[in-house]
Amino acid sequence: MAEHDFTDKVALVTGGGSGIGEACAMTFARSGAKVIVADFDKDGGDRVTEAIRAESLDATFVEVDVSKPEQIEAMVAESVETYGGLHVAVNNAGIGGAQALTGEYPIDSWQQVIEVNLSGVFYCMRHEIPAMLTSGGGAIVNMASILGSVGFANSAAYVAAKHGVVGLTKTAAIEYSAQGIRVNSVGPGFINTPLLAENLDDETLKVIAGMHPIGRLGEAQEVADLVAFLGSDEASFCTGGYYLVDGAYTAN
């Protein structure tokens, strides 16, 4: 785990109850931050929060559905009320959606994926940015994907949403960099997480692992280390970027 100093900083992680979000929450906590673990899954969020507290570190769980803007507003307000501010936000919550050709893609799945994976990121920034301005600045890391820059068959909604996250990130960075808020996105390749395991069988996972020239799937901690860097003062000149952590998947 890369080491950065987040002492006296408040970090919010959506989708913090498992996978990449869990690794990010643990990494920020171990680096000194007070962490808000936000997730739709109460059991997962409680588990990660307790794991952080078991190391005598500071964390609070907030149950949230990122597709509901009023819940996002309440989540940010609770973060500020609990810890006195907001300095880092990782907008990581997301879903996979249906697998189907574009001409056959279920409308309800399209709407759900766009609402969670794209609108959810907007709703988060809509309320995180004012809180960060009040706190004197901060850093936002939006979880995109390799599919924010390339296509992938049978995943129209997911690909469209992640491309949207990359564009939304660039726009917010232009708007707020001069006010002390940096905004970046991260593009993980296929990462060994519960989301992947729940949606793909073992044979498919082997095929996908082979698509990465490095010869394997990524690990959640490898993504969390990049996220922590982008959230840290060491990344002070990094804003508006889209940073791949993909084992050379997109280099093919």
> What number of residues within segment 17-32 satisfy the criterion of being under 14 Å from Phe61 (Cα atoms), of a type in the set (Gly, Ala, Ser) and surrounded by 24 or more Cβ atoms within 10 Å (Cβ to Cβ)?
Replying inline: 4
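One line per residue, one yes/no per condition, for (1) surrounded by fewer than 19 Cβ atoms within 10 Å (Cβ to Cβ); (2) within 20 Å of the chain's Cα centre (by Cα):
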{"residue": "Asp46", "(1), (2)": "yes, yes"}
{"residue": "Ile52", "(1), (2)": "no, yes"}
{"residue": "Glu55", "(1), (2)": "yes, no"}
{"residue": "His87", "(1), (2)": "no, yes"}
{"residue": "Ala93", "(1), (2)": "no, yes"}
{"residue": "Gly96", "(1), (2)": "yes, yes"}
{"residue": "Val121", "(1), (2)": "no, yes"}
{"residue": "Cys124", "(1), (2)": "no, yes"}
> When you go through Ser149, Ser145, Ser177, Ser155 one by one, which is the residue that is within 30 Å of Ala131 (Cβ to Cβ), of a type in the set (Ser, Thr, Tyr) and surrounded by 19 or more Cβ atoms within 10 Å (Cβ to Cβ)?
Replying inline: Ser145
>> If I ask for residues that are under 17 Å from Tyr243 (Cα atoms) and part of a strand (DSSP E or B), which ones from segment 139-185 would you list?
In response: Ala139, Ile140, Val141, Asn142, Met143, Arg182, Val183, Asn184, Ser185
>> Going residue by residue through segment 193-210, is there one that turns out to be under 16 Å from the mean Cα position of the chain (by Cα) and within 23 Å of Ile129 (Cβ to Cβ)?
In response: no
>> Just checking, does segment 183-190 include any residue being surrounded by fewer than 20 Cβ atoms within 10 Å (Cβ to Cβ), more than 21 Å from Gly19 (Cα to Cα) and touching a strand residue (DSSP E or B) at 6+ places or on another chain (Cβ under 9 Å)?
In response: no
> With respect to the numbered conditions (1) touching a residue at least 40 places away in the same chain (Cβ under 8 Å); (2) touching a strand residue (DSSP E or B) at 6+ places or on another chain (Cβ under 9 Å), which one is the sole condition not fulfilled by Leu195?
Replying inline: (2)
> Being touching a strand residue (DSSP E or B) at 6+ places or on another chain (Cβ under 9 Å), of a type in the set (Lys, Arg), over 20 Å from Gly16 (Cβ atoms) and at pLDDT 95 or above, is that true of even one residue in segment 166-175?
Replying inline: yes
> Picking from Thr82, Thr102, which residue would you name as being in contact with a strand residue (DSSP E or B) (Cβ under 6 Å, 6 or more places away or on another chain) and either more than 17 Å from Gly21 (Cβ to Cβ) or hydroxyl-bearing (Ser, Thr, Tyr) (or both)?
Replying inline: Thr82
>> Exactly one of these conditions fails for Val141: (1) in contact (Cβ under 8 Å) with a residue 12 or more places away in the chain; (2) under 20 Å from Leu230 (Cα atoms); (3) over 16 Å from the mean Cα position of the chain (by Cα). Give me its number.
In response: (3)
>> Every residue in segment 198-212 that is surrounded by 12 or more Cβ atoms within 10 Å (Cβ to Cβ) and either of a type in the set (Gly, Ala, Ser) or touching a Gly at 6+ places or on another chain (Cβ under 7 Å) (or both), please.
In response: Asn199, Ala209, His212
> Do any strands (runs of 3 or more DSSP E) lying entirely in segment 1-107 carry at least 1 residues that are more than 25 Å from Glu234 (Cα to Cα), and which ones are they?
Replying inline: 34-39, 59-63
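The values are calculated or read from the model by the stated rules, or taken from the named source; none is laboratory data. Small disclaimer: the values here were computed from a predicted structure and weren't measured. Don't worry about glycine lacking a Cβ; one is built from the backbone with ideal geometry, like all the others, and counts go over all protein chains shown.
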